[in-house]
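The values are calculated or read from the model by the stated rules, or taken from the named source; none is laboratory data. Only a predicted model underlies this, so the values are computations on that prediction, with no experimental measurement involved. Every residue, glycine as well, gets a Cβ built from its backbone with ideal geometry; the counts of neighbours run over all protein chains shown. In case anyone asks, the SASA skips ligands and DNA or RNA and just uses the protein heavy atoms, side chains included. Shrake-Rupley method; radii C 1.70, N 1.55, O 1.52, S 1.80 Å.
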Amino acid sequence: MRTGIIVAMGKELKQMKDLIKNREIVSTESGDEIITGEVGNNEIILTKSGIGKVCSAIKCMEIINRFAPDCIINTGVAGGLGNVAKPLDVVIGTDTTYHDAWCGEGSPRGQISGFPTAFPCDAQLTERILDICKGMSEYSIYPGRLCSGDSFIADKTDYERIQREFPDAVAVDMESTAIAQVCYMKKTKFACMKIISDIAVGDSKENIALYNDFWNIAPEISFNIIKSIIEKL
């Protein structure tokens with residue numbers, strides 16, 4: 001299988017790069033790297049997204065146009081919405097939508113006109129990833145909807161609005177829906193896996209301590225999971 005992997009963190013990129021055999025480095029139009037090579041029976045195309053919808057969409061489009069992968073897997077971080085997943089838990093996307101999109105009266109929140117209200121993750125690929133992740137008993141795994149937007153959700157008003165408008169969402173991030181939309185447009189299978197960094201607007205001492213240590217722990221969790229996924233797909 002030819003698999004595109006779009007990661008969020010530099011440490012995660014380095015760890016994945018070291019895992020790839022027969023690797024080659026290709027420069028992108030944006031000046032970043034795309035790393036190609038092999039892991040087991042999989043041909044891998046690896047890059048880091050950058051922050052936000054535009055950066056991630058550009059990287060996804062470039063990977064698809066240049067390498068025609070069978071699927072794209074997006075990994076990274078997300079903020080929990082307090083209903084299921086806790087910091088350092090793992091969320092596997094079932095679908096994704098925009099929490100900052102609205103095209104006017106008569107349009108549902110989250111929908112870009114002419115597109116679905118939410119972009120589904122590939123059901124078969126997602127189910128396989130869930131099965132692999134559930135076999136890793138050291139992590140708590142939750143499937144669910146992801147909401148994306150170009151803002152870090154730290155304001156209580158924004159947090160409550162997202163909970164109210166997207167009650168079935170489990171986490172918020174800044175990239176997954178843009179990548180999912182590109183995959184939808186290019187007819188490429190999409191899946192995503194996110195580590196919960198914090199609960200949006202949470203203020204408990206425990207939550208703050210976890211967030212401060214998160215950036216040391218999260219790349220290891222993300223790498224362990226994506227390594228297992230690739231080796232077992």
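Looking across the range 68-93, just one residue is assigned to a strand (DSSP E or B), under 27 Å from Asn42 (Cα atoms) and over 11 Å from the mean Cα position of the chain (by Cα), and that is Cys71.
In the range 113-141, the qualifying residues are those that are within 26 Å of Lys53 (Cα to Cα) and part of a helix (DSSP H, G or I), and the one that is most open to solvent (accessible area, probe 1.4 Å) is Gln124.
Within the range 33-64, the set of residues being open to solvent by 70 Å² or more (accessible area, probe 1.4 Å), within 26 Å of Phe152 (Cα to Cα) and not in a helix (DSSP H, G or I) comprises Glu33, Lys48, Ile51. When you look at Ile179, is it under 23 Å from Ile230 (Cβ atoms), of a type in the set (A, V, I, L, M) and either buried (at least 24 other Cβ atoms within 10 Å of the Cβ) or modelled with pLDDT of 95 or more (or both), yes or no? Yes: the conditions hold for Ile179. Within the range 10-21, take every residue that is open to solvent by less than 20 Å² (accessible area, probe 1.4 Å) and in contact (Cβ under 8 Å) with a residue 40 or more places away in the chain and give me the one that is farthest from Leu233 (Cα to Cα). Checking each candidate, the answer is Glu12.
Check Thr157 against each of (1) in contact with a Phe, Trp or Tyr (Cβ under 6 Å, 6 or more places away or on another chain); (2) surrounded by fewer than 19 Cβ atoms within 10 Å (Cβ to Cβ); (3) among the β-branched types (Val, Ile, Thr) and name the one condition it does not meet. Failing condition for Thr157: (1).
Considering only residues that are among the small types (Gly, Ala, Ser) and open to solvent by 20 Å² or more (accessible area, probe 1.4 Å), which ones fall in the range 67-92? Correct list: Ala68, Gly82. Taking Gly110, is it touching a residue at least 40 places away in the same chain (Cβ under 8 Å), crowded, with 21+ Cβ neighbours inside 10 Å and part of a loop (DSSP other than H, G, I, E, B)? So Gly110 passes the test.
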